[in-house]
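Enquirer: Pasting a structure below so you can have a look.
Nothing in this text is a laboratory measurement; each read-out follows from the coordinates by a stated rule. In this text the structure is predicted, and so the values were computed from the model without any measurement. When we count neighbours, we look across all protein chains shown, and the Cβ atoms used for this are built from the backbone with ideal geometry, even at glycine.
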Amino acid sequence: MIYFFLGDDGAAKNDRIAGFKKKLLSHDDAPQFDYDLLHAHKLAPALLKKTLLALPTLSKKRLVVIRNAQKLTAHHKKIIAEVLNDADYPCELVLDFDSATVAKDFHDALSRVSRTVRFQHTTASNVFDVGRSIAMRKQVDALKLLHGLFAKGEYPPNIIGGLLWSWSQSRNRMPARRFKQGLLAFQEADGNVKRSRLKAQHALEMLVVKLCAL
């Protein structure tokens, strides 16, 4: 099987490769004999062919990873297609592309024995992102980010604490009246959450709306 790893989330790719190693290379010494890491930008075609044709020593299948696969030459691609266009060949090949796409002709030539896995890096939002949106009165953005925190299971009192810290950091950039009114809104929201007067999510949504409106 050939895996096209597309995208820029290196950490997620490494985790997936570690999973392949654990699954395929179960013997303690298998990584030494049945695993190869190659780099496309400095890969001699002869070495590529030799690596792909090598038979497993301690495992049922070998694992070969090629980094920067977007730099594979036409010669490299021809070798890969010739050697691995057989579903039963005892080698799992990971082609790691930094880009989000792969040349259509190359992909199509290997479609019978390949699988595409996309790894798109996203930056997770945090409570301070919500605080910045509130300070700029961007209510829609702030609520969207807040809902993202709920989805991740963030603890409501921690969210209030983080928002209060962000509000305090913005003190010198807003009128004193707005700042004091904001503190009263925080006090009310904190009481609502701790005394269960409102569902925590509703209380925090009301807090965000009030702060953005000040």
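Enquirer: Once you treat every alpha carbon in the range 2-119 as an equal point and sum by Debye, what is log10 I(q)/I(0) at q = 0.11, 0.22 Å⁻¹?
Expert: -0.32, -1.40
Enquirer: Something else about it: If you place +1 on the Cβ of every Lys and Arg, -1 on the Cβ of every Asp and Glu, and leave all else neutral, what size is the dipole of the chain about its Cα centre, to the nearest 20 Debye?
Expert: Taking the Cα centre of the chain as origin, the dipole is about 1000 debye.
Enquirer: Still on this structure, please answer the following. Which entries of LYS21/LYS77; LYS104/LYS144; LYS13/LYS144; LYS60/LYS152; LYS22/LYS144 show an alpha-carbon separation above 30 angstrom in the structure shown?
Expert: Result: LYS104/LYS144; LYS60/LYS152; LYS22/LYS144 exceed 30 Å.
Enquirer: Here is a further query. Which Rg and Dmax, in Å, describe the Cα atoms of the range 109-164?
Expert: 17.6, 57
Enquirer: Can you compute the helix-only [θ] at 222 nm over the chain? Use -39500 (n - 2.57) per DSSP H run of at least 4 residues, normalise by all residues, nearest 500 deg cm²/dmol.
Expert: Theoretical 222 nm ellipticity from helices: -16500 deg cm²/dmol.
Enquirer: Which FRET efficiency value, to the nearest 0.05, do you get for GLN32 and LYS152 by plugging their Cβ-Cβ distance into 1/(1 + (r/R0)^6) with R0 = 45 Å?
Expert: Values: r = 40 Å, r/R0 = 0.88.
The calculated FRET efficiency here is 0.70.
Enquirer: Identify, among LEU146, LEU52, TYR3, the residue whose Cα sits farthest towards the positive end of the charge dipole of the chain, taking +1 on the Cβ of Lys and Arg and -1 on the Cβ of Asp and Glu, with the dipole about the Cα centre.
Expert: After comparing all options, I get LEU146.
Enquirer: Take the alpha-carbon centre of the range 9-64, take the same for the range 141-214, and report the distance between them in whole Å.
Expert: About 50 Å separates the Cα centre of the range 9-64 from the one of the range 141-214.
Enquirer: Using the Cβ atoms and a cut-off under 15 Å, what net charge is assigned to the surroundings of ASP36, where Lys and Arg are +1 and Asp and Glu are -1?
Expert: Value of the local net charge: +3.
Enquirer: Would you mind ranking THR57, THR51 by Cβ crowding within 10 Å, fewest neighbours first?
Expert: THR57, THR51
Enquirer: Taking a point 7 angstrom from the Cα of HIS107 along the C-beta vector, which residues in the range 4-37 have backbone N less than 17 Å away?
Expert: 4-9
Enquirer: Oh, and also: Arrange the following residues from fewest to most other Cβ atoms within 10 Å of their Cβ: ASP129, ASP28, ASP88.
Expert: So the ranking, lowest neighbour count to highest, is ASP88, ASP28, ASP129.
Enquirer: Using the Kirkwood radius over C-alpha pairs as Rh, can you work out the diffusion coefficient of the range 127-213 via Stokes-Einstein at 37 °C, viscosity 0.692 mPa s, in µm² per second?
Expert: D = 260 µm²/s.
Enquirer: Would you mind giving the average projected area, over all directions, of the Cα convex hull of the chain in nm² with one decimal?
Expert: For the chain, averaging the hull's shadow over all directions gives 16.8 nm².
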